[in-house]
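**Student:** Can you read through this structure? Questions will come right after.
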Amino acid sequence: MANPFTEEHDLLRQSFRKFVEIEMLPYADEWEKNHTCPRHIFEKMGEQGFFGVSFPTEVGGSGMDLWAAVTIASELAYTNLGGLAMSLYAHTYLPLPLINAIGTPEQKEKYLRPALEGKKIAALGITEPNAGSDVGGIITKAEDMGDHFLVNGAKMWITNGTMADFIVLVTRTGPGHNLSLLIFDTDTPGFSAVRVENKLGMHTSDTGQLYFENCKVPKANLLGEKDFGFYYLMNNIQEERLIASIMGTYAAEWALGKAIQYSKEREAFGRQIGKFQVLRHKMAQMAITVEACRSFAFRAVAEFIEVGPEAIQTISMSKAFVSEEALKVIHDAIQIHGGWGYHEDYGLARAWRDTRLMTIGAGTTEVMHEIISKMIVDDKQYKRQFLKARGQAV
Ligand SMILES: Cc1cc2nc3c(=O)[nH]c(=O)nc-3n(C[C@H](O)[C@H](O)[C@H](O)COP(=O)(O)OP(=O)(O)OC[C@H]3O[C@@H](n4cnc5c(N)ncnc54)[C@H](O)[C@@H]3O)c2cc1C
């Protein structure tokens, strides 16, 4: 496909790269070592307008297309701070597109605008201790008490969970798929959050376990229509999966670059290791895989721009393919580095453990296969559900 990036995207890339070089790279190792998710980076990203690149100007964004988001994601992947990158995109591309799509003007002013400005941190709370892939199994309850909802339950693995000022919370308001989205202020009495420690990777990301005990949520904080939450989520998650495909692609490209560089520096048996055919061919294969990931992810972005969340088949395929294949590229980059690939100093150990999440988060590979097989084997149409989500007749 033709290069989708315009001069405007290139200018954005230059200014964001400078931001990353000044504000992130000098501190990256320290944050990783101390498992720090730096709050001030959210504030600075917001001040500089980097959160709002692909949001409309009416809500404080810069009104660019999704390729602007791709530009930011690609530069973030090059920081090799997978955790922080995930926290930043869990703020921007998980809860905020939902508020942008279905929020009231008041909700957009109160939550979306300050979040894009970096004044409030956002999270999306779907997963529970006993319900991850099976979103229909969610039991966190929002009881309709007339003038407010009463929320009781728990959430698990929520990115930005202990830092967030508000959470777009998925709650049960009826049987089956009757879920509703609430914008939940984390200063609500009865709420508590504990940081999840001992993760394999994503150390620069805040992950929380959340508890809700008789929390009162005003009716004004219902996002979209009551009981339609499941369908809103299905629409929204497509964007999340797209960004995951992009991040995976660039993480693999970063690792390939490291492998090529190292293969020219390291010598064994009196020659550069990059002269061994077996390693040259490995790098050729890695480059093919990176290009395949890029083609797939870019095609998914282009299709999403054209038809929206109905690009579900391509997006699911892209997410499944990139998350598995990117991991293989990083695995091979570690191999090419020999013992140093196993050490923190070269960054590949970090890249591997962070990218390992990609086949699990935003829908596991098995769930992607399930969606794809339903579409290609059972000829299942998701269109009706998307129409339902928009409140149209089905
Ligand atoms: C670091 C981190 C950050 C996260 N951030 C967030 C966040 O911000 N917000 C949020 O809501 N969630 C978040 N998650 C949760 C994540 O989305 C879930 O972990 C993921 O969806 C899988 O759910 P689960 O862990 O309950 O696994 P399970 O659903 O229990 O799956 C276990 C295994 O069973 C397989 N399986 C399940 N169903 C099927 C099926 N139908 N067919 C075949 N195989 C199946 C899965 O593929 C997997 O291999 C995060 C997770 C982590 C680790």
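The values are calculated or read from the model by the stated rules, or taken from the named source; none is laboratory data. The model shown is predicted, which means the values in this text are computed figures rather than measured ones. No Cβ is skipped: glycine too gets one built from the backbone with ideal geometry, and neighbour counts run over all protein chains shown.
**Student:** Could you pull out the residue among 43, 23, 47 that is of a type in the set (Asp, Glu), under 25 Å from residue 347 (Cα atoms) and outside the structural domain of residue 344 (by TED's automatic domain parsing)?
**Tutor:** The unique qualifying residue is 23.
Okay, residues lined up against (1) in the same structural domain as residue 259 (by TED's automatic domain parsing); (2) within 16 Å of the ligand (Cβ to nearest atom); (3) among the hydrophobic types (A, V, I, L, M, F, W, C):
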{"residue": "289", "(1), (2), (3)": "yes, no, no"}
{"residue": "292", "(1), (2), (3)": "yes, no, yes"}
{"residue": "296", "(1), (2), (3)": "yes, no, yes"}
{"residue": "303", "(1), (2), (3)": "yes, no, no"}
{"residue": "314", "(1), (2), (3)": "yes, no, no"}
{"residue": "347", "(1), (2), (3)": "yes, no, no"}
{"residue": "351", "(1), (2), (3)": "yes, yes, yes"}
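**Student:** So, of the residues in segment 143-152 that are more than 16 Å from the ligand (Cβ to nearest atom) and under 22 Å from residue 175 (Cβ atoms), which turns out to be surrounded by the most Cβ atoms within 10 Å (Cβ to Cβ)?
**Tutor:** Only one residue fits best here, namely 149.
**Student:** Among the residues of segment 35-58, how many are surrounded by fewer than 20 Cβ atoms within 10 Å (Cβ to Cβ) and either in a helix (DSSP H, G or I) or in contact with a Gly (Cβ under 9 Å, 6 or more places away or on another chain) (or both)?
**Tutor:** Residues meeting the conditions: 11.
**Student:** Six or more apart or on different chains, Cβ atoms under 6 Å: show the pairs whose first residue is in segment 355-377 and free of Cβ contacts under 8 Å to residues at least 24 places away in the same chain and whose second is more than 10 Å from the ligand (Cβ to nearest atom).
**Tutor:** Here the result reads 374/380, each pair linking segment 355-377 to a residue that is more than 10 Å from the ligand (Cβ to nearest atom).
**Student:** Looking at (1) surrounded by fewer than 23 Cβ atoms within 10 Å (Cβ to Cβ); (2) within 21 Å of residue 159 (Cβ to Cβ); (3) not acidic (Asp, Glu), which is the only condition residue 326 fails?
**Tutor:** (1)
**Student:** Regarding residue 159, is this residue touching a Ser or Thr at 6+ places or on another chain (Cβ under 8 Å), over 14 Å from residue 230 (Cβ atoms) and in contact (Cβ under 8 Å) with a residue 40 or more places away in the chain?
**Tutor:** Values: touching a Ser or Thr at 6+ places or on another chain (Cβ under 8 Å): yes; over 14 Å from residue 230 (Cβ atoms): yes; in contact (Cβ under 8 Å) with a residue 40 or more places away in the chain: yes.
Criteria met by residue 159.
**Student:** Tell me which residues, restricted to segment 97-139, are surrounded by 14 or more Cβ atoms within 10 Å (Cβ to Cβ), within 16 Å of the ligand (Cβ to nearest atom) and among the hydroxyl-bearing types (Ser, Thr, Tyr).
**Tutor:** Hit for segment 97-139 is 127, nothing else.
**Student:** Of all the residues that make up segment 139-168, how many are aliphatic (A, V, I, L, M) and in contact with a Pro (Cβ under 9 Å, 6 or more places away or on another chain)?
**Tutor:** Number satisfying all stated conditions: 5.
**Student:** Now for a separate question. Considering only segment 43-79, state which residues are at pLDDT 95 or above and hydroxyl-bearing (Ser, Thr, Tyr).
**Tutor:** Listed by number, the residues that qualify are 54, 57, 62, 71.
So that you can scan it fast, the table gives a plain yes or no per residue for (1) small (Gly, Ala, Ser); (2) in contact with a Leu (Cβ under 7 Å, 6 or more places away or on another chain):
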residue	(1), (2)
279	no, no
297	yes, no
302	yes, no
329	no, yes
337	no, yes
347	yes, no
381	no, no
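**Student:** Continuing with the same structure: Which condition breaks for residue 308 when tested against (1) at pLDDT 95 or above; (2) surrounded by fewer than 17 Cβ atoms within 10 Å (Cβ to Cβ); (3) away from the ligand (no atom under 16 Å from the Cβ); (4) within 21 Å of the chain's Cα centre (by Cα)?
**Tutor:** (1)
**Student:** A further question on this structure: Has segment 22-32 got at least one residue that is more than 20 Å from residue 95 (Cβ to Cβ), modelled with pLDDT under 95, exposed (fewer than 13 other Cβ atoms within 10 Å of the Cβ) and aliphatic (A, V, I, L, M)?
**Tutor:** The answer is no, given that none of the residues of segment 22-32 is more than 20 Å from residue 95 (Cβ to Cβ), modelled with pLDDT under 95, exposed (fewer than 13 other Cβ atoms within 10 Å of the Cβ) and aliphatic (A, V, I, L, M).
**Student:** Please identify the pairs in which a residue from segment 118-134 that is within 15 Å of residue 166 (Cβ to Cβ) has its Cβ atom under 8 Å from the Cβ atom of a residue that is polar (S, T, N, Q) and within 8 Å of the ligand (Cβ to nearest atom), counting only partners at least 6 apart or on another chain.
**Tutor:** 121/160; 122/160; 123/159; 123/160; 124/159
**Student:** Here is a follow-up. Among (1) crowded, with 24+ Cβ neighbours inside 10 Å; (2) within 19 Å of the chain's Cα centre (by Cα); (3) part of a strand (DSSP E or B), there is one condition residue 209 misses while meeting the rest; what is its number?
**Tutor:** (1)
**Student:** Moving on. Which number in (1) within 16 Å of the ligand (Cβ to nearest atom); (2) over 29 Å from residue 267 (Cβ atoms) marks the one condition that residue 322 misses?
**Tutor:** Residue 322 satisfies every listed condition except (1).
**Student:** With the condition kept exactly as written, say whether any residue in segment 275-285 is among the β-branched types (Val, Ile, Thr), in the same structural domain as residue 381 (by TED's automatic domain parsing) and surrounded by fewer than 16 Cβ atoms within 10 Å (Cβ to Cβ).
**Tutor:** yes
**Student:** Moving to a separate point now. Could you list all residues from segment 153-175 that are more than 9 Å from the ligand (Cβ to nearest atom), part of a loop (DSSP other than H, G, I, E, B) and under 24 Å from the mean Cα position of the chain (by Cα)?
**Tutor:** Within segment 153-175, 162, 163, 164, 165 meet the criteria.
**Student:** Note down all Cβ pairs under 8 Å where the first residue falls in segment 196-220 and is in contact (Cβ under 8 Å) with a residue 24 or more places away in the chain, the second is near the ligand (Cβ under 10 Å from one of its atoms) and among the acidic types (Asp, Glu), and they're at least six residues apart or on different chains.
**Tutor:** 201/354; 202/354
**Student:** Quick one: which of 126, 102, 72 is closer than 19 Å to residue 238 by Cβ and assigned by TED's automatic domain parsing to the domain that holds residue 159?
**Tutor:** Result: 126 is the single residue among 126, 102, 72 that is closer than 19 Å to residue 238 by Cβ and assigned by TED's automatic domain parsing to the domain that holds residue 159.
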